[in-house]
Amino acid sequence: MKLLGQSVAYATYKRCSAMLYSIAYPFLGVWSRLEGLDGLLVGRLGKMPGLPVDTGPYDVWIQAVSVGEVAVAEAIVAALDKRAPYLKIAVSSTTPAGLARAMSFLSHRCLVIPYPLDFPRAVHRVAVAIRPKVYAPIETELWPNMINAVRETGSRVVLINGRISTRSFGRYKKIRWLIGGLLREFSRVCAISEVHGRRLIELGAPETLVEVTGNAKFEGLISRPDNERAEALRCRMGIDASAHVFVAGSLRGDEDGLVIEAYRLLLSSFSGLMLFLIPRHIRKVSSIASRLEAAGLPFQLWSRLEMGERRTSQVVVVDVVGPLFDIYGIATVVFVGGSLVPKGGQNIMEPAAWALPVIYGPYMDNFEEAKAALDAGGGFEVRDVAGLVSIVESLLRTPAFRKQVGLAARDALIGLSGNAASRQADVILELLNPAG
């Protein structure tokens, strides 16, 4: 079989990416300073002073693009530790939020690094330093230069939690000439469902290498809620047990404006309703603050409350990474963002773990199975402000209905949960010990 590095398709991609690197490099520094990401950019260019050339070999290198994928990495690492706690593991992430999560939850156990941009020199530098025995990208991290670089170091490659959304599937089919070659470089492909497995096969993954293992994003969620932590948070925030709390999590695009408008309308019926606004990206905090000021709604920042400021406002804007899951624990109703705008949605099963009714928009491409499970009785799809107001109002007015829907959401999560992380950890171990 022709290796990726020998194919015409990859050679074309490599030349183009190298040319793009030479053109874009002068502008990357300017962009990184504007975004305050100087350190991250250095790492993404493969220049990590603290990473010696001879740091490898690592047994496993897991690539997790952002926060949701880092949660999968956490589950995989935990499953590996139950079987082989001696393994040397590296975890990389692409986004600032993903890196922050990985540093918080995995740096005590794993080497945590920024994921290099897919330029030949950048990925080669890091691949040679890490020299993984198994390279395990999560979901759809199909980067040709990186896959070629780790294969050249002798690594075996396994796709973890493999998935191809409906929207991505159409795009990938147009470049099947490249994607097919990439997928043939994998030793194993772990798909989250039969649907995603079939899509990966159609794109070029050898059918004999594709295995449906389930979605590790849901494994462990059932046991994660900590009622004592939630109660402590409620007390710390000075929120009465009878108070209604509306949590809008992982907001993207203009969703914060839609939620703020819905909240203004809800206040006419529920004057004491609290609102937690949690953007997917911290850089959105300033625009959310501007919208709240324009709407005449007093608010406080989470970071200041955590530093001891007394809560006096009904609206809280979360301006740090990390507390989303615990905040769901004090919610009465939840809207999960990235779904009223075409961003593919976020993990709607996190509030379901707390037995809460879940509200989401129509754009849930990244969580098709979860949406289908909640649509059966544990959640509500809304398309605009009016729909959001109507559902929230109904849930707040009828506690029995709210409890019924919340329990149905939790049951849906139980139905989707399984031993996905454990099964995928077993695949990794099989690749590490092919004779055993």
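Values computed for the structure shown
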{"read-out": "Heavy-atom surface of the chain, accessible at 1.4 Å and reported per residue (Å²)", "value": "43 Å²"}
{"read-out": "Accessible surface of the stretch 238-371, 1.4 Å probe, proportion on carbon and sulfur as whole %", "value": "48 percent"}
{"read-out": "Solvent accessible area, Å² - Thr12, 1.4 Å probe, full protein context", "value": "50 Å²"}
{"read-out": "Debye log10 I(q)/I(0) at q = 0.09, 0.14 Å⁻¹ for the chain, Cα point scatterers", "value": "-0.60, -1.33"}
{"read-out": "In the stretch 221-311, trypsin sites (Lys or Arg not before Pro) in a DSSP loop with at most 16 other beta-carbon atoms within 10 Å", "value": "Arg310, Arg311"}
{"read-out": "With every protein chain in place, the stretch 72-228: carbon and sulfur % of accessible area (1.4 Å)", "value": "53 percent"}
{"read-out": "Accessible area in the full protein assembly, largest first, 1.4 Å probe, for Ile76, Ile391", "value": "Ile391, Ile76"}
{"read-out": "From phi via Karplus (6.51, -1.76, 1.60), per-residue ³J(HN,Hα) for the stretch 227-241 in Hz, x at Gly/Pro", "value": "5, 5, 5, 5, 5, 5, 5, 4, 5, 4, 7, x, 9, 5, 4"}
{"read-out": "Semi-axes of the equivalent ellipsoid for the stretch 320-363, Cα gyration tensor, largest first, Å", "value": "18, 13, 8"}
{"read-out": "Computed log₁₀ I(q)/I(0) - Debye formula, equal Cα scatterers, no solvent, the stretch 57-155, q 0.11, 0.20, 0.21 Å⁻¹", "value": "-0.28, -0.94, -1.04"}
{"read-out": "Charge tally in the Cβ shell below 13 Å around Arg188, where Lys, Arg are +1 and Asp, Glu are -1, Arg188 excluded", "value": "-2"}
{"read-out": "Reference-scaled alpha-carbon Rg (2.2 N^0.38 Å with N residues) for the stretch 282-436", "value": "1.26"}
{"read-out": "Computed accessible area, Lys173, all protein chains, 1.4 angstrom probe, square angstrom", "value": "100 Å²"}
{"read-out": "Table column - 3J(HN,Hα) (Hz), the stretch 155-169, Karplus curve with 6.51, -1.76, 1.60, x for Gly and Pro", "value": "6, 9, 10, 10, 8, 9, 6, x, 8, 10, 5, 4, 5, 5, 4"}
{"read-out": "Backbone N within the stretch 124-160 under 17 Å of label point (7 Å from Arg15 Cα along the Cβ vector)", "value": "145"}
{"read-out": "Rounded D (µm²/s) - the stretch 157-238, Kirkwood Rh over Cα pairs, Stokes-Einstein at 25 °C, 0.890 mPa s", "value": "167 µm²/s"}
{"read-out": "Dipole magnitude of the stretch 175-267, debye to nearest 20 (Cβ charges: Lys/Arg +1, Asp/Glu -1, about Cα centre)", "value": "200 debye"}
{"read-out": "Residue of Ala400, Ala373, Ala408 that the Gaussian network model of the chain assigns the largest fluctuation, springs spanning Cα pairs under 10 Å", "value": "Ala400"}
{"read-out": "Cα centre as origin, Lys/Arg/Asp/Glu Cβ charges: the stretch 319-414 dipole, Debye", "value": "300 debye"}
{"read-out": "Label zone at Arg167 (point 7 Å along Cα-to-Cβ), backbone N below 15 Å, the stretch 255-292", "value": "255"}
{"read-out": "Protein-only accessible surface order, largest first, of Cys110, Cys16 at 1.4 Å", "value": "Cys16, Cys110"}
{"read-out": "Solvent exposure, largest accessible area first (probe 1.4 Å, DNA, RNA and ligands not counted), of Met349, Met19, Met103", "value": "Met19, Met103, Met349"}
{"read-out": "Exposure of Asp240 as accessible area (Å², to 10), given a probe of 1.4 Å and all protein chains", "value": "90 Å²"}
{"read-out": "Span per principal axis, largest first, for the Cα atoms of the stretch 300-390 (Å)", "value": "42, 26, 22"}
{"read-out": "Relative contact order [Cα under 8 Å, 6+ residues apart], the chain, whole percent", "value": "14 percent"}
{"read-out": "Using alpha carbons only: equivalent-ellipsoid semi-axes of the stretch 176-309, gyration tensor based, whole Å", "value": "43, 20, 14"}
{"read-out": "Across Lys284/Lys343; Lys174/Lys343; Lys82/Lys133; Lys82/Lys371, pairs whose alpha-carbon gap is larger than 24 Å", "value": "Lys82/Lys371"}
{"read-out": "Förster radius 30 Å - calculated FRET efficiency between Glu228 and Glu202 (Cβ-Cβ, nearest 0.05)", "value": "0.05"}
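The values are calculated or read from the model by the stated rules, or taken from the named source; none is laboratory data. These figures come from a predicted structure and were not determined experimentally. Reconstructed Cβ throughout: ideal geometry from the backbone, glycine too, with neighbour counts over all protein chains shown. Surface accessibility is based on the protein's heavy atoms, side chains included, excluding ligands, DNA and RNA. Shrake-Rupley method; radii C 1.70, N 1.55, O 1.52, S 1.80 Å.
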